[in-house]
1. So Val97 passes all but one of these: (1) more than 16 Å from the ligand (Cβ to nearest atom); (2) more than 19 Å from the chain's Cα centre (by Cα); (3) open to solvent by 10 Å² or more (accessible area, probe 1.4 Å). Which condition number does it fail?
2. Within the range 240-253, does at least one residue satisfy the condition of being closer than 16 Å to Gly137 by Cβ and free of Cβ contacts under 8 Å to residues at least 40 places away in the same chain?
3. Being assigned by TED's automatic domain parsing to the domain that holds Ala290, closer than 25 Å to Gly194 by Cβ, surrounded by fewer than 20 Cβ atoms within 10 Å (Cβ to Cβ) and under 23 Å from the mean Cα position of the chain (by Cα), is that true of even one residue in the range 75-91?
4. For Lys208, state whether it is more than 15 Å from the ligand (Cβ to nearest atom), touching a residue at least 60 places away in the same chain (Cβ under 8 Å) and surrounded by fewer than 19 Cβ atoms within 10 Å (Cβ to Cβ).
5. Only one of Ala262, Ala346, Ala350 is closer than 26 Å to Asp220 by Cβ and either open to solvent by less than 10 Å² (accessible area, probe 1.4 Å) or of a type in the set (A, V, I, L, M) (or both). Can you tell me which?
6. Tell me which residues, restricted to the range 120-158, are open to solvent by 40 Å² or more (accessible area, probe 1.4 Å) and more than 16 Å from the ligand (Cβ to nearest atom).
7. For a quick check of your reading: which helices (runs of 4 or more DSSP H) sit entirely within the range 218-328 and have at least 1 residues that are within 16 Å of the ligand (Cβ to nearest atom) and more than 30 Å from Cys182 (Cβ to Cβ)?
8. Which pairs do you get when a residue that is more than 19 Å from Gly193 (Cβ to Cβ), found in the range 212-228, comes within reach of a residue that is assigned to a strand (DSSP E or B) and away from the ligand (no atom under 12 Å from the Cβ), reach meaning Cβ atoms under 7 angstrom, with the pair 6+ apart or on two chains?
Amino acid sequence: MTNWQEIEKKYYMNTFERVPLTIVKGKGPYVWGDEGKQYLDFVGGWAVTTLGHCHPAVTRALTEQANLLIQTSNQFYTVPQLQLAQLLVENSCLDRVFFGNSGAEANEGAVKLARRYGQLNLKGAYEVMSTFSSFHGRTLAMVAATGQPKFQQSYPPLPTGFVNVEFNNIEAIKSATTERTCAVMLEPIQGEGGVNFPDEGYLPAVRKWCDQKGILLILDEIQTGVGRTGTLFAYEQYGVEPDIMTLAKGLASGVPIGAILAKEKASVFAPGEHGSTFGGNPLACAAGYATVKFVIDNNIAGRVKEVGQYLIDGLEKMKPKFPSITDIRGRGLLVALEFNSDIAPALLTACLERGLLVNQLKPNTLRFIPPLIIGKKEVDEALGILDEALVSIAK
Ligand SMILES: *Cc1c(COP(=O)(O)O)cnc(C)c1O
């Protein structure tokens, strides 16, 4: 059998700390390694495989589209792009869409849009405020927006025009706002940075402040969007509407895509001011349309709310047995499990050996971001393995 992990060591840039598993196949919430073993996937491609692996609706849409038309260019109109745009607008508070190919690219576009808005409406204001422990992507500008030194320190000088302030602190935003500020950019719930929830009043207060100052609120729903937290978009749960929202991860169940959505007043790009060769291509948009349509038609968000609560309740029941558990936090199927010491790597390995894939968020924290189609049966299976794994590492 080919040792792909050796080939990776030799040929691939050494940038990912990979788990020693080569995945060759997936179906629903399960994947299979090249050694033939089956695993329950609670990583879900990093909150990406919304409908699970190779869902018939997505595979069918991709196959049909691949036989019909894969790519033209944005010089022409194409059908899946406009079907998905219409579906997203009709099911959100936003009015217009632009498609790119990834989350970082969507956020870059959102910042460009905000700067253009500042140029036109705010006397040239260009600064975008974002928060510490956020995550907005890996391009140079998004590294500047991402308020985590570990992503920033290798790449000076960072692009200017970004200010990082404390999350969940409205006063921090207020005191950092100047005549240069054109937008505040936030994840409604911080994903990569720790699954951090703001207080209920935070987003409404930010919304109010942005309105008062005439600046834009950009919500990065790349991780929280498309049903992940129990509503189609997380902003719905906080009673605020963003001026600009970005989507990516779960939007097409695993096919690369990103989207900028904006209110009419913030949709200020003029022809030629932004663009993309692949963005909005028929193949990705067909997968996106199949995904979002399925999520809406089958009330997947409502199911996620229920199944997510079942997962959190199950973890709470485990807590008395394992005093190393210090915190359980989550909403929908975005859940973090924190420990009093750095046991996440050992626990991840113990889960892997028992057929469960989990994500290490920090050395002391695991994150569960499974496909949104899982049910209580899969949650029970995961909890059972987790329990055994915790027992095994305690020995
Ligand atoms: C993953 C993520 C991004 C970056 O998306 P990429 O597709 O990796 O560029 C941006 N923002 C949030 C909130 C994310 O979770």
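1. (2)
2. Among the residues of the range 240-253, not one is closer than 16 Å to Gly137 by Cβ and free of Cβ contacts under 8 Å to residues at least 40 places away in the same chain, which makes the answer no.
3. no
4. No, not satisfied.
5. Details: Ala346 fails: closer than 26 Å to Asp220 by Cβ; Ala350 fails: closer than 26 Å to Asp220 by Cβ.
The unique qualifying residue is Ala262.
6. Leu120, Asn121, Lys123, Tyr126, Pro149, Gln153, Ser154, Pro156, Pro157, Leu158
7. Values: elements: 235-238, 282-297, 300-318.
The helices (runs of 4 or more DSSP H) meeting that bar are 282-297.
8. Correct list of pairs: Ile215/Thr181; Ile215/Cys182; Ile215/Ala183; Ile215/Val184; Leu216/Cys182; Leu216/Ala183; Leu216/Ile244.
The values are calculated or read from the model by the stated rules, or taken from the named source; none is laboratory data. In this text the structure is predicted, and so the values were computed from the model without any measurement. Neighbour counts are summed over all protein chains in view; Cβ atoms, including those assigned to glycine, are modelled from backbone coordinates with ideal geometry. Side chains are part of the model used for accessible areas, which takes the heavy atoms of the whole protein and leaves out ligands, DNA and RNA. Shrake-Rupley method; radii C 1.70, N 1.55, O 1.52, S 1.80 Å.
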